[in-house]
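Student: I have a structure I would like to understand better, so I am pasting it below and will then ask my questions one at a time.
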Amino acid sequence: QVQLVESGGGLVQPGGSLRLSCAASTSIFSFYSMGWYRQAPGKQRELVATITSGGSTNYADSVKGRFTISRDNAKNTMYLQMNSLKPEDTAVYYCNAASFPTVYWGQGTQVTVSS
């Protein structure tokens, strides 16, 4: 059973930064794609960023230039560096990992951007 555990969320002021981590219980070499998604209250879960096993990245327009996704295969961990945070970034952030035919999800970590 693959487990994904997110950490690094919290309360930050607008303009601040946070780094989220997603630690996998197995080698992430087996995942052809990993990603971050978020869900704000009353809204659907939405894509934030993805990264393939080859290192190709994709970002939602709303976070381009502010967020950076990366993965450390040696540590079996994926990261999301979030800079210039805005109140509209407030949400529960989830990581996922795809290893055909299964997609795994973490339990989520809360990010709150507020003064």
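The values are calculated or read from the model by the stated rules, or taken from the named source; none is laboratory data. From a predicted model like this one, the values you see are computed outputs, not experimental measurements. Glycine also receives a Cβ, built like all others from the backbone with ideal geometry; neighbour counts cover every protein chain displayed. These accessible areas exclude ligands, DNA and RNA; they are computed on the full protein's heavy atoms, side chains included. Shrake-Rupley method; radii C 1.70, N 1.55, O 1.52, S 1.80 Å.
Student: Tell me which of these GLY108 doesn't satisfy, since it passes every other one: (1) at positive phi; (2) in contact with a Leu (Cβ under 6 Å, 6 or more places away or on another chain).
Tutor: (2)
Student: Residues that are more than 20 Å from ALA40 (Cα to Cα): find the strands (runs of 3 or more DSSP E) completely inside segment 61-115 holding 1 or more of those.
Tutor: Where strands (runs of 3 or more DSSP E) fall fully within segment 61-115 and carry at least 1 residues being more than 20 Å from ALA40 (Cα to Cα), they are 67-72, 77-82, 91-99, 102-105.
Student: When you scan segment 82-95, do you find a residue that is over 23 Å from GLN1 (Cα atoms), open to solvent by less than 20 Å² (accessible area, probe 1.4 Å) and of a type in the set (D, E, K, R), even just one?
Tutor: yes
Student: Sort out which residues of segment 14-50 are β-branched (Val, Ile, Thr) and surrounded by fewer than 17 Cβ atoms within 10 Å (Cβ to Cβ), and write them in order of number. Even if it seems obvious, please write down each step before you answer.
Tutor: Narrowing segment 14-50 to residues β-branched (Val, Ile, Thr): 26, 28, 48, 50.
Listed by number, the list holds a single entry, THR26.
Student: Sticking with this one: Would you pick out the residues in segment 59-69 that are surrounded by fewer than 19 Cβ atoms within 10 Å (Cβ to Cβ) and in contact with a Leu (Cβ under 8 Å, 6 or more places away or on another chain)? Can you show your working first?
Tutor: Here is the first cut: in segment 59-69, the ones surrounded by fewer than 19 Cβ atoms within 10 Å (Cβ to Cβ) are 59-62, 64-66, 68.
Selection gives ALA60, ARG66, THR68.
Student: With respect to GLN107, determine if the residue is closer than 18 Å to GLN1 by Cβ, loosely packed, with under 13 Cβ neighbours inside 10 Å, of a type in the set (S, T, N, Q) and at pLDDT 95 or above.
Tutor: Details: closer than 18 Å to GLN1 by Cβ: yes; loosely packed, with under 13 Cβ neighbours inside 10 Å: yes; of a type in the set (S, T, N, Q): yes; at pLDDT 95 or above: yes.
Criteria met by GLN107.
Student: Give all pairs with beta carbons closer than 7 Å in which a residue from segment 87-98 that is touching a residue at least 12 places away in the same chain (Cβ under 8 Å) and closer than 16 Å to LEU11 by Cα meets a residue that is surrounded by 18 or more Cβ atoms within 10 Å (Cβ to Cβ) and aromatic (Phe, Trp, Tyr); count only pairs at least 6 apart in sequence or on separate chains.
Tutor: Every condition considered, the pairs that remain are TYR93/TRP36.
Student: Would you call LEU11 surrounded by fewer than 13 Cβ atoms within 10 Å (Cβ to Cβ) and under 28 Å from SER114 (Cα atoms)? Step through it out loud before you land on a result.
Tutor: Details: surrounded by fewer than 13 Cβ atoms within 10 Å (Cβ to Cβ): yes; under 28 Å from SER114 (Cα atoms): yes.
Spelling it out, LEU11 is indeed surrounded by fewer than 13 Cβ atoms within 10 Å (Cβ to Cβ) and under 28 Å from SER114 (Cα atoms).
Student: Here's another thing I want to ask about it. Identify, please: which residue in segment 8-35 is in a strand (DSSP E or B) and hydroxyl-bearing (Ser, Thr, Tyr) and is, among those, farthest from the chain's Cα centre (by Cα)?
Tutor: Restricting attention to segment 8-35, the residues satisfying the condition of being in a strand (DSSP E or B) are 10-12, 18-24, 33-35.
Still in the list and also hydroxyl-bearing (Ser, Thr, Tyr): 21, 33.
Working: SER21: 7, SER33: 12 Å.
Ranking the candidates gives SER33 first.
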